[in-house]
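Asker: So that we are looking at the same thing, I have put the structure below in structure tokens.
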Amino acid sequence: MESGRGAMLVAFAMALWIGGLITRAEAQLEVGFYSRSCPRAEAIVKEEIEKALGDDEGVGADLLRMHFHDCFVRGCDGSILLDSTNSSKAEKDAEINLTLEGFDVIDAVKEKLEAACRGVVSCADLLAFAARDAVVHYGGIHYEVPSGRRDGRISVASDADILPSPDFELAKLTDLFVSKGLSQAEMIVLSGAHTVGIAHCDAFSERLDSVADVEYAAALRKQCPPGSNNTAPMDPQSPHKFDNRYYQLVLGDRALFASDHALLSTQGTAAQVKSLAGDYWGFQSKFAAAIVKMGAIGVLAGYDGEVRANCRVAN
């Protein structure tokens, strides 16, 4: 009886594997991957991220955005960390990534990891840990990060064209996330990361004429005079707090991007925004689950890729 049940389980697992629901790389990611090879890996990352955010409270939002931008281009392989070469312009130098900061933070963390465990911890895993630790620093819940990612060797600026623009409509946002294996509901949850950080004026200036909150629009115009490249906090009240206020801002037409306002485009998506706006802990748990799922997009594992000694260059 047991042997028959075991055979059925094996057959079921093989069916999932062949059907593409489980990939070999995703199956190899695991919580505590470095427990033996580099026991203090996650502790080292956390310590260094805390130091960095002590010096610059805003850089955690960049690290979170960096993880997202990495995963949506070639999968979560650390390709966004590679520098351009004389013959190839890398992702980090694509126009949409030019406002990203924090690459020096990743360098500093990697140096500490290499000193503790040379050639063990990948840059892709480092970035996933760093994003989690930034969320926790801002007051979000701690979540376990499955690891075991390997680093890619290729980074091409034009590949970043896939990344969502601040003016994306709902259908385009949904299609992009679905193409990466994420649902529309998970897209709405991950959009909640806009509760921290800043935005450059040119990313939302064209939206100001359509903002229903006249007082808010006037304040933004004052902060963003024509021709300026100033910035504005995504959430003026708590720019360094990882909470669910983003959804309250969306409902009040005070979110900065047109793509944020687009979440109200249908009754169904508007209902999800309203639900998340009124459920702090529900948002926290759903965000943790969604970002863990995002962190498994297109990962390299096993013998694929490499573990870079320097996150800026392939070995």
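Asker: How many Å² of accessible area per residue for the chain, probe 1.4 Å? Could the numbers behind the result be given before it?
Answerer: Values: 15010 Å² over 315 residues.
In whole numbers, the chain has 48 Å² accessible per residue.
Asker: Shifting gears a bit: Pop out the ³J(HN,Hα) list for segment 295-309 in order, Karplus 6.51 cos²θ - 1.76 cosθ + 1.60 with θ = phi - 60°, rounded to Hz; leave Gly and Pro as x.
Answerer: x, 9, 5, x, 6, 9, 8, x, 9, 7, x, 7, 10, 5, 7
Asker: Now a separate question. Positive end of the charge dipole of the chain (Lys, Arg +1 and Asp, Glu -1 on Cβ, about the Cα centre): tell me which of Ala217, Gly278, Thr99 has its Cα farthest that way.
Answerer: Sorting the options by dipole projection puts first Gly278.
Asker: Would you mind telling me which residue in Ala115, Ala288, Ala199 has the biggest mean-square fluctuation in a Gaussian network model of the chain, where springs connect alpha carbons within a distance under 10 angstrom?
Answerer: Taking springs between Cα atoms under 10 Å, the residue moving most is Ala115.
Asker: Mind checking which of Val45, Ala203, Met234 is farthest towards the positive end of the chain's charge dipole, using Cβ charges of +1 (Lys, Arg) and -1 (Asp, Glu) about the Cα centre?
Answerer: Working it through, the farthest residue towards the positive pole turns out to be Val45.
Asker: Right, here's the next one. Which lysines have a Cα lying under 26 Å from the Cα of Lys172, excluding residues fewer than 8 positions away in the same chain?
Answerer: Output for Lys172: Lys92, Lys180, Lys274, Lys286, Lys293.
Asker: I want the local charge near Ser210. Using Cβ-Cβ distances under 12 Å, sum +1 for each Lys or Arg and -1 for each Asp or Glu among the other residues.
Answerer: Details: positive: Arg207; negative: Asp167, Glu206, Asp209, Asp213, Asp253.
It works out to a net charge of -4.
Asker: Quote to one decimal, in nm, the extra length available between Arg221 and Glu101 on full extension: 0.36 nm per residue of separation minus the C-alpha distance between them.
Answerer: Length gained between Arg221 and Glu101: 40.7 nm.
Asker: Taking all protein chains as present, what is the carbon and sulfur share of the accessible area of segment 211-270, in % to the nearest whole number, probe 1.4 Å?
Answerer: Carbon with sulfur: 53 percent of the solvent-accessible area.
Asker: Please list, ordered by chain and number, the residues whose modelled amide H lies under 5 Å from the amide H of Met234; skip anything fewer than 5 residues away on the same chain.
Answerer: Those lying under 5 Å, H to H, from Met234 are Gly197, Ile198, Ala199.
Asker: Follow-up. Leaving ligands, DNA and RNA out of it, rank Phe129, Phe68 by accessible area with a 1.4 Å probe, largest first.
Answerer: Details: Phe129 0, Phe68 40 Å².
Order by accessible area, largest first: Phe68, Phe129.
Asker: Counting only residues 5 or more places away or on other chains, whose amide H sits under 5 Å from the amide H of Val299 once H atoms are built in the peptide plane?
Answerer: Answer set, sorted by chain and number: Cys76.
Asker: What distance in nm lies between label points placed 7 Å from Cα along the C-beta direction at Glu47 and Asp167?
Answerer: Here the modelled spin labels are 4.8 nm apart.
Asker: Taking only C-alpha pairs under 8 Å that are 6+ residues apart, what is the relative contact order of the chain in percent? The partial results should precede the final answer.
Answerer: On the way: 489 pairs, mean separation 81.4, N = 315.
Rounded, it is 26 percent for the chain.
Asker: Gaussian network model of the chain, Cα springs within a sub-10 Å range: biggest mean-square fluctuation belongs to which of Arg153, Arg36, Arg254?
Answerer: Ranking Arg153, Arg36, Arg254 by mean-square fluctuation puts Arg36 first.
Asker: A further question on this structure: To the nearest 10 Å², what's Lys89's accessible area with a 1.4 Å probe?
Answerer: Accessible area, nearest 10 Å²: 120 Å².
Asker: Going by Cα centres, segment 295-310 and segment 259-292 are how many Å apart?
Answerer: So the separation of the two Cα centres works out to 31 Å.
Asker: Please check: in the Gaussian network model of the chain (C-alpha springs, under 10 Å), which one of Gly181, Gly298, Gly268 has the largest mean-square fluctuation.
Answerer: Gly268
Asker: Ok, one more. Along the positive direction of the dipole of the chain (beta-carbon charges: Lys, Arg +1; Asp, Glu -1; about the Cα centre), which of Pro166, Gly268, Leu182 reaches farthest?
Answerer: The listed residue farthest towards the positive side: Leu182.
The values are calculated or read from the model by the stated rules, or taken from the named source; none is laboratory data. Keep in mind it's a predicted model, so treat the numbers as computed, not measured. We place every Cβ from the backbone using ideal geometry, glycine too, and count neighbours over all the protein chains shown. The accessibility values were calculated without ligands, DNA or RNA, using every heavy atom of the protein model including side chains. Shrake-Rupley method; radii C 1.70, N 1.55, O 1.52, S 1.80 Å.
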